[in-house]
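Beneath this line is the structure, given in structure tokens, with notes to follow.
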Amino acid sequence: MAYETILVETRGKVGLITLNRPQALNALNGQLIGEINQALDGFEADAGIGCVVLTGSEKAFAAGADIKEMQSRSFPGTYLDDKFADWDRIGRRRKPIVAAVAGFALGGGCELAMMCDFIIAADNAKFGQPEINLGVIPGAGGTQRLTKAIGKSKAMDLILTGRMMGAEEAERSGLVARVVPLADLLAETLKAAEAIAAKSLPSVLMAKESVERAFEVTLQEGLRFERRVFASLFATADQKEGMAAFAEKRKPDFRNA
Ligand SMILES: CC(C)(O)CC(=O)SCCNC(=O)CCNC(=O)[C@H](O)C(C)(C)COP(=O)(O)OP(=O)(O)OC[C@H]1O[C@@H](n2cnc3c(N)ncnc32)[C@H](O)[C@@H]1OP(=O)(O)O
């Protein structure tokens, strides 16, 4: 598969996607979103891949949707096209995706990072939803995911003022899982992704689905869902292997079965 706006590699059991439109600070145009989805389709179908890392450059994870592509759009066109349907597919993937964010993650860039399962940020990362400065609002999930991640007050602050938030503030607010020095960003993120990819894939997928439920259903429904999923994992060979390995004081050899 030939890609023009991203680089796609595998590192052992980890799929690595690097956004690669440096001339536009990785502004997210239709082609780039399409290529991310193609790469993710491939990783989802590849039984050898257990986790995906999505990253950008040192200067920009992504500076938002491509403003120049959007600027002449009309209301009916934007509404009827359902422009963000393709973006939504990124947030509905089954395998875990970890965002490694350095530099600007603004507008659609912040929204893309939030579609991932968690974010590891470099100390130079800057997050924000500056759409208000362009006379619009976030349109790829920012008002919803940012509010769920950091709460109403902080989300209102960022979305209504359009200001940027540095990596430390983002970690304090709960938007990012951890902050690492810029030079270590990719290595640390790959290490986390490799650790995930070494687990039993059925349990990883079910853990991800269960955490996502917490955002969608009542506590009681979520607890019942978790209990059923927990019980179902006792039907896997990997549960037997994981617990036997603990008892025998050795590393488990998971077969995703
Ligand atoms: C998805 C939705 C619906 O939520 C909507 C959105 O995402 S709207 C976009 C939200 N993002 C922004 O408003 C950020 C726009 N960019 C900037 O404010 C600045 O570029 C910056 C603060 C990130 C960086 O500034 P600076 O270092 O001074 O670099 P620039 O010279 O401004 O940019 C370099 C180059 O990249 C182009 N660029 C940057 N961002 C975008 C973008 N979002 N869309 C298109 N192009 C972008 C910029 O125009 C420059 O290119 P040239 O004009 O020099 O060719």
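The residue that is surrounded by the most Cβ atoms within 10 Å (Cβ to Cβ), counting only those in the stretch 136-166 that are polar (S, T, N, Q) and over 24 Å from ILE90 (Cβ atoms), is THR161. Counting only helices (runs of 4 or more DSSP H) that sit completely within the stretch 20-102, those holding 1 or more residues that are closer than 24 Å to VAL176 by Cα correspond to 30-45, 85-90.
For GLU169, the test of being at pLDDT 95 or above, open to solvent by 10 Å² or more (accessible area, probe 1.4 Å) and away from the ligand (no atom under 12 Å from the Cβ) is passed. When restricted to residues that are buried (at least 24 other Cβ atoms within 10 Å of the Cβ), away from the ligand (no atom under 12 Å from the Cβ) and over 14 Å from the mean Cα position of the chain (by Cα), the stretch 36-82 contains 1. Those helices (runs of 4 or more DSSP H) of the stretch 186-257 in which 2 or more residues are over 17 Å from the mean Cα position of the chain (by Cα) and small (Gly, Ala, Ser) occupy 219-232, 237-247. MET114 falls short on exactly one of the conditions (1) more than 10 Å from the chain's Cα centre (by Cα); (2) touching a residue at least 24 places away in the same chain (Cβ under 8 Å); (3) open to solvent by 20 Å² or more (accessible area, probe 1.4 Å), and that condition is (1).
Can you tell me which residue in the stretch 123-135 is most open to solvent (accessible area, probe 1.4 Å), limited to those that are more than 9 Å from the ligand (Cβ to nearest atom) and in a loop (DSSP other than H, G, I, E, B)? Please lay out each step first, then the result.
Step one: of the stretch 123-135, the residues more than 9 Å from the ligand (Cβ to nearest atom) are 123-125, 127, 132, 135.
Add one more test, that the residue is in a loop (DSSP other than H, G, I, E, B), and what stays is 123-125, 135.
Details: ASP123: 94, ASN124: 52, ALA125: 2, GLY135: 69 Å².
This residue is ASP123.
The values are calculated or read from the model by the stated rules, or taken from the named source; none is laboratory data. Predicted, not measured: the structure shown is a model, and the values here were computed from it. Positions of Cβ are backbone-derived with ideal geometry, glycine not excepted, and every protein chain shown enters the neighbour counts. Note: accessible area is taken over every heavy atom of the protein model, side chains too, but ligands, DNA and RNA are not part of it. Shrake-Rupley method; radii C 1.70, N 1.55, O 1.52, S 1.80 Å.
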